Structures are given as C-alpha cells and as structure tokens.
1. Mind checking which lysines have their C-alpha under 26 Å from B:LYS10, skipping anything on the same chain fewer than 8 residues away?
2. Please compute P(r) over all alpha-carbon pairs of region A:1-62, binned at 5 Å starting from zero, and give each bin as a whole-number percent.
3. Under 16 Å from the Cα of B:LYS5, which aspartates and glutamates turn up, not counting those fewer than eight places away in the same chain?
4. Any idea what angle helix B:41-50 forms with the longest principal axis of chain B, computed on alpha-carbon atoms, 0 to 90 degrees, nearest 10?
5. How much net charge surrounds B:LEU20 when only the other residues with a Cβ under 15 Å from the Cβ of B:LEU20 are counted, with Lys and Arg +1 and Asp and Glu -1?
6. Excluding A:THR111 itself, what net charge comes from residues whose Cβ is under 13 Å from its Cβ, given Lys and Arg +1 and Asp and Glu -1?
7. Tell me the mean residue ellipticity at 222 nm calculated for chain B from its helices only (DSSP H runs of n ≥ 4, each -39500 (n - 2.57), averaged over every residue, nearest 500).
8. Does region B:7-116 come out rounded, prolate or oblate by the C-alpha gyration tensor, with a ≥ b ≥ c the root eigenvalues, rounded set by a/c under 1.5 and, if not, prolate when a/b is larger than b/c and oblate if not?
Amino acid sequence: MTGTEAPPRVIYDSTVTAVGSQVEAFLDHGILIFFADESPAELHDMSVRHTAAVAEEGPQAGDTMVLGEHRMEILAVGSVVSDNLLQLGHLDLKANGLTEAKLPGDVNVATQDLPLLAAGDAFRIVRGERRTTEETA
Amino acid sequence: MPEYKSVKVKQGRGGWGGPLTITPTDAKPLIYSVTGGGIHPVAAKIAELTGGEAFDGFKSSAPFEKIAVAVIDCGGTARVGVYPMKKVLTVDIHATSPAGPLAQFITEELFVSGVKPDDVEPA
C-alpha cells in the first residue's frame, strides 16, 4: 500500500432476483447473461435477472466482478457494455480468458467455471481492489 | 383499419445480413424496440414509414406473434439470437455478425445489423 491509492469503490451493486431455465446451458459455453428484473419476458429463460441498488458506471478492465461468493478480474470490456448495463441491466459475461472483447457486448474474465447463481446472490463490480496475485508479486 | 406500407432495411457500415422487407399486418402490427433509452430512432422510422405501432419492449411485454420486427441494440450474444430463433425479423443497431450459442438461428433472411435510420427506405 502506498497510501495514495483510492480505496476500492463499488460502481455497480445488484442482487440476483431470478435465474432462467436456460442459464445452465449457457454456462456450459462459459457464458452468463444478465438482464434487469423488468426486461422483456422472452429474455427471462436465458438470463440471470437482478435489481440494482447502485448503478454508477460500467466496468473497465482491471475491475473485480463479484458473483455470489466468487470474485474474478475483468480482463476486457466491449464498447457497448456500459450502455447495456446502465440502461438495461444487461451484461454478457464470458469466461474465455481473452484480453480483447471479441463482441461489443462482451465482458471477459479468465477461463473458469462460472457459478450458477441463485436469487439473493450478489452481482457487483468493484474498482480499485488489490488482488492477491499483486500482493504476492 | 390502418393501411400498412413496406420498408426495406439494409445493412449499415460493417453490418451483416439482410436486406429485410418489413410489412406490418393487423395480426403483426408491432415495431418492437428492445433497446436502451426507449423507442430507438430506427424503430421510430420503421413505424413512421410502415404505419406500424412502435412498442417499447422494456416498458411492457408483447406476444411474439404480434411482432412485425424487433429492433435491438445488442452487443452480439443474447438478443441477436432470441428473436431470430423465434423467426422474428430482427434489426440490430450495432454491427454484429452471427455469434454466440444461438448463432445457428441468425440468418440473412431474418437478421440485419449495423442499421441506422438512413438504412430504412420505403420499399
């Protein structure tokens, strides 16, 4: 700690309200799709729905994605992600390990098994969080 | 009873698919905007030129069988597939190409992308 660093800041804080019946099938492709609770009905099957208490900014590379008990570093963010998230509560999370977003709506994290979320779980984005890897480096 | 006209929607710069010809009917009157910030200008123009009814999918829900065209601002994964999968004509504002788990449903007969209001013309 240098003492000049800003403390971690929660830029988006939401709570899962429902998990659609097709979400698990998308998890097999390393994809989690989020939409706001009030999104159109045809999107519900494929989506994790949620209701945001804090929606200040969209994510940037280096931010931390918090999903329930899981934390992951955001590696890349596509050009329309911020609008999607702030206007529609929409985000396409992809566990593909890519450091460049292939599609404009993509948010990439390391290749891993993404969690099948449940109602009540956190969906949060934190900026400026120090990571274990940096601390031990 | 309203009289409906047809429009042709072609792909914009960097876009994919189409052109689509869109003609609302009494059974399918809705120009369904599933976009951030209300009815998108592309949806508004399609509604104006065809006589269809502009409809904000994030304000209230509509049955699929009433949708003449879905206008989306999808970044490539979810909405690009949902509407073509149900055989609903789909116009994406963003210049996306078929991708994601639903890519198999996205065909040039059903989908056009990169569309701006200027890409919508009377047919």
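1. A:LYS102, B:LYS28, B:LYS45, B:LYS66, B:LYS86, B:LYS87, B:LYS116
2. Distribution as computed: 4, 15, 20, 19, 16, 12, 5, 5, 3, 1 percent.
3. Within the straight-line limit of under 16 Å, B:LYS5 reaches these aspartates and glutamates: B:ASP26, B:GLU48, B:GLU53, B:GLU121.
4. The angle comes out near 40 degrees.
5. On the way: positive: B:LYS5, B:LYS8, B:LYS10, B:LYS28, B:LYS45, B:LYS87, B:LYS116; negative: B:ASP92, B:GLU108, B:GLU109, B:ASP119, B:GLU121.
Spelling it out: positives minus negatives among the neighbours equals +2.
6. Numbers: positive: A:LYS94; negative: A:GLU73, A:ASP113.
Once positives and negatives cancel, what remains is -1.
7. Mean residue ellipticity at 222 nm (helix-derived): -4000 deg cm²/dmol.
8. Details: a/c = 1.44, a/b = 1.33, b/c = 1.08.
The shape class here is rounded.
Bear in mind these aren't lab numbers, they're just calculated from the coordinates by the rules spelled out. Treat the numbers as computed from the prediction; the structure is a model and nothing was measured. Neighbour counts are summed over all protein chains in view; Cβ atoms, including those assigned to glycine, are modelled from backbone coordinates with ideal geometry.
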